[in-house]
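The structure appears below as structure tokens.
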Amino acid sequence: MLNWIEKRTGFISMAQDFLTEDVPGGASYWYVFGSATLFTMMIQIVTGIFLTFFYAPSAMTAWESTRAIYLNPWTHFLISVHYWGASAMIALVFLHLLQVLIFGAYKSPRELQWVVGVLLLLVTLVLGLTGYLLPWDMDAYFASQVSLNITGLAPIAGPILQHIAQGGGSMGTATINRFFGLHVWLMPAALVALVGAHLAIFRHNGPAGPVVDDTRTLKPGRFWPDQFFMDGAFSLIIFGIICFLAIVSPPYLDQKADPTKFFVPYPAWYFLSLFGLLALVPPEIHLGPLSIGTELIATIIVPTIFLIVILLLPWLDRSKSRSIASRSGLLWGTTVVVGVIVVLSIYGQATTMIKQAAGPPSPPESVVLAPAAAAETKPGSPGAIPANAAGVANAAPSTTSGAGASVFANNCSSCHGATGQGVPGSFPPLANNPVVTGDPNKVIGIVLGGLNAPVTVNGQSYHGMMPPWKGTLTNKEIADVITYIRGSLGNNKASAVTEAQVAGYKP
């Protein structure tokens with residue numbers, strides 16, 4: 001049988017060549033991270049395929065289908081393995097890149113192998129980002145909303161990319177469908193292609209080996225059975241840890257996404273450093289008469305520069321040798337960068353927990369999974385807006401008059417809340433906001449052109465980006481929604497805005 005397969009495919013001889021490959025310096029547990037990453041990728045693909053059998057991607061069914069997955073012990077375990085497998089894969093890709101950096105294995109002729117590895121980390125992070133939204137619970141909704149708003153901060157292309165990813169002016173079924181397509185099809189296809197390219201380049205160049213300038217002086221070992229055993233043993237340990245965490249600490253499912261409620265999201269751990277940086281910097285930097293919004297710097301400029309430096313590392317490192325001594329400056333710099341990322345992550349977690357403690361707590365998962373929770377959140381339950389909150393009577397289009405209420409519900413409430421209460425730190429309140437009830441020309445300009453810089457309302461700073469609605473909404477719709485906001489939310493009683501005022505607006 002093996003001879004029959006070999007004559008027609010050549011697979012047997014290819015497997016023999018792969019298994020009998022020399023390992024410079026012999027087998028080592030330093031080399032297990034690549035194989036373990038490949039193993040966790042296969043776990044993610046297999047569990048992800050089975051989860052698509054039960055998941056229904058729409059705003060009306062995403063949370064309900066996720067809840068059904070949680071209610072079945074086998075599918076609950078499956079989604080828990082998928083959840084922890086994602087964290088394991090991201091951590092292993094990072095560790096693999098760090099090991100390559102320490103060993104200097106990015107040097108010639110392995111520059112492109114390094115670049116492909118960095119791109120693999122980016123694709124893995126995008127997979128984590130897009131998968132985070134799919135449960136469509138409160139945390140998924142508001143955390144993804146922050147990510148989309150950060151995307152919109154990028155100059156020129158940012159608002160366009162946000163609108164495409166979001167599927168319109170607000171999050172809904174189109175957003176889920178786009179994230180689902182990215183998570184299930186596009187990003188996995190890119191991941192498999194990059195892994196194939198990475199392995200092909202690795203096979204062409206061969207293993208880099210220990211940190212020596214001439215690997216010919218090393219006594220070679222064999223991939224089979226020594227390195228294969230180490231790779232398999234480490235991958236088995238990783239799988240055991242994933243299954244253990246899936247059993248003892250499965251991911252929490254919060255209430256179904258509801259943009260009308262106040263909620264402070266908790267980001268995925270691999271984005272905590274970005275949240276920490278965002279919380280650390282002041283809203284604005286004043287250089288004489290010039291005010292610079294730091295949100296763009298912290299979330300777009302700094303990560304982009306960091307990524308470019310990492311990608312160009314093989315060319316930026318001018319040392320001739322792979323030795324530790326010749327690259328001591330680079331390695332010390334790497335230590336400092338990793339330390340800063342850890343500190344920012346801890347700070348991001350601490351600030352997020354403080355904000356969450358100040359808001360209403362999420363209910364126990366047993367309450368969320370109860371039959372009543374699947375239908376609606378009862379008044380007075382954790383996370384619900386009190387019935388006596390200002391403006392609740394004007395929250396839904398069905399209880400208000402005028403087209404402005406409908407425009408607001410469809411385009412504005414996902415960020416500012418159904419009552420205009422806003423989201424602390426992200427989106428300012430529209431109810432009882434002196435800017436909203438002040439100069440109508442200024443309000444028209446904000447709605448038409450959007451806002452990219454932090455704003456301060458009633459002494460509080462808000463960092464959320466507002467997209468420009470010019471071209472998305474008609475002049476009449478903009479006039480209607482401004483009139484509704486100025487005259488119906490909270491204690492707002494300002495004058496109406498006409499379509500002619502919007503059409504005639506001049507900065």
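The values are calculated or read from the model by the stated rules, or taken from the named source; none is laboratory data. Values in this document were obtained by computation on a predicted structure and should not be read as measured data. Cβ atoms come from the backbone with ideal geometry, glycine included; neighbour counts cover every protein chain shown.
Okay, residues lined up against (1) aromatic (Phe, Trp, Tyr); (2) in contact with a Lys or Arg (Cβ under 7 Å, 6 or more places away or on another chain); (3) over 30 Å from residue 365 (Cβ atoms):
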| residue | (1), (2), (3) |
| --- | --- |
| 23 | no, yes, yes |
| 35 | no, no, yes |
| 49 | no, no, no |
| 61 | no, no, no |
| 91 | no, no, no |
| 102 | no, no, yes |
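The residues on offer are 35, 58, 13, and the sole one that is more than 30 Å from residue 103 (Cα to Cα) and modelled with pLDDT of 85 or more is 58. Taken together, the residues in region 78-100 that are touching a Phe, Trp or Tyr at 6+ places or on another chain (Cβ under 6 Å) and within 13 Å of residue 120 (Cα to Cα) amount to 4.
In contact (Cβ under 8 Å) with a residue 24 or more places away in the chain and more than 25 Å from residue 192 (Cα to Cα), is that true of residue 106? Considered against the rule, which asks whether it is in contact (Cβ under 8 Å) with a residue 24 or more places away in the chain and more than 25 Å from residue 192 (Cα to Cα), residue 106 comes out as no. Restrict the check to region 116-130 and report whether at least one residue is in a helix (DSSP H, G or I), of a type outside the set (Ser, Thr, Tyr) and more than 22 Å from the chain's Cα centre (by Cα). No, region 116-130 contains no residue that is in a helix (DSSP H, G or I), of a type outside the set (Ser, Thr, Tyr) and more than 22 Å from the chain's Cα centre (by Cα). Hey, can you tell me all the residues within region 232-282 that are surrounded by fewer than 19 Cβ atoms within 10 Å (Cβ to Cβ), of a type in the set (Val, Ile, Thr) and modelled with pLDDT of 90 or more? The answer is 237, 241, 247, 248. In region 257-272, the residues that are β-branched (Val, Ile, Thr) form Cβ pairs under 6 Å with partners that are surrounded by 19 or more Cβ atoms within 10 Å (Cβ to Cβ), at six or more places apart or across chains, as follows: 260/417; 260/418. Would you check which residues across region 218-244 are among the aliphatic types (A, V, I, L, M) and either assigned to a helix (DSSP H, G or I) or without any contact (Cβ under 8 Å) to a residue 60 or more places away in the chain (or both) and list them? Residues satisfying the conditions are 230, 233, 236, 237, 238, 241, 242. For the residues 285, 300, 341, 310, the requirement of being touching a helix residue (DSSP H, G or I) at 6+ places or on another chain (Cβ under 9 Å) and assigned to a strand (DSSP E or B) singles out 285.
Matching residues to (1) within 30 Å of residue 367 (Cβ to Cβ); (2) in contact with a Leu (Cβ under 7 Å, 6 or more places away or on another chain); (3) of a type outside the set (Val, Ile, Thr):
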residue: 219; (1), (2), (3): no, no, yes
residue: 224; (1), (2), (3): no, yes, yes
residue: 227; (1), (2), (3): no, no, yes
residue: 231; (1), (2), (3): no, no, yes
residue: 234; (1), (2), (3): no, no, yes
residue: 238; (1), (2), (3): no, no, no
residue: 242; (1), (2), (3): yes, no, no
residue: 245; (1), (2), (3): yes, no, yes
residue: 250; (1), (2), (3): yes, no, yes
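Annotation note: of 87, 80, the sole residue that is surrounded by fewer than 20 Cβ atoms within 10 Å (Cβ to Cβ), within 21 Å of the chain's Cα centre (by Cα), under 30 Å from residue 172 (Cβ atoms) and not aliphatic (A, V, I, L, M) is 87.
Say we look at region 90-115 and pick out the residues that are over 26 Å from residue 267 (Cα atoms) and of a type in the set (A, V, I, L, M); which of these is farthest from the chain's Cα centre (by Cα)? By that ranking, first place goes to 105. Residue 4 meets the conditions (1) within 26 Å of residue 133 (Cβ to Cβ); (2) surrounded by fewer than 20 Cβ atoms within 10 Å (Cβ to Cβ) in every case but one. The failed one is (1). Among the residues of region 130-177, those that are within 17 Å of residue 465 (Cβ to Cβ), of a type in the set (A, V, I, L, M) and touching a residue at least 60 places away in the same chain (Cβ under 8 Å) comprise 143, 146, 150, 153, 154, 171. Within region 28-66, if we keep just the residues that are without any contact (Cβ under 8 Å) to a residue 24 or more places away in the chain and not in a helix (DSSP H, G or I), the residue that is surrounded by the fewest Cβ atoms within 10 Å (Cβ to Cβ) turns out to be 53. Scanning region 437-470 for residues that are of a type in the set (S, T, N, Q) and under 15 Å from residue 153 (Cα atoms) yields one hit, 452.
Within region 92-115, is there a residue that is farther than 23 Å from residue 203 by Cβ and in a helix (DSSP H, G or I)? Yes: one or more hits.
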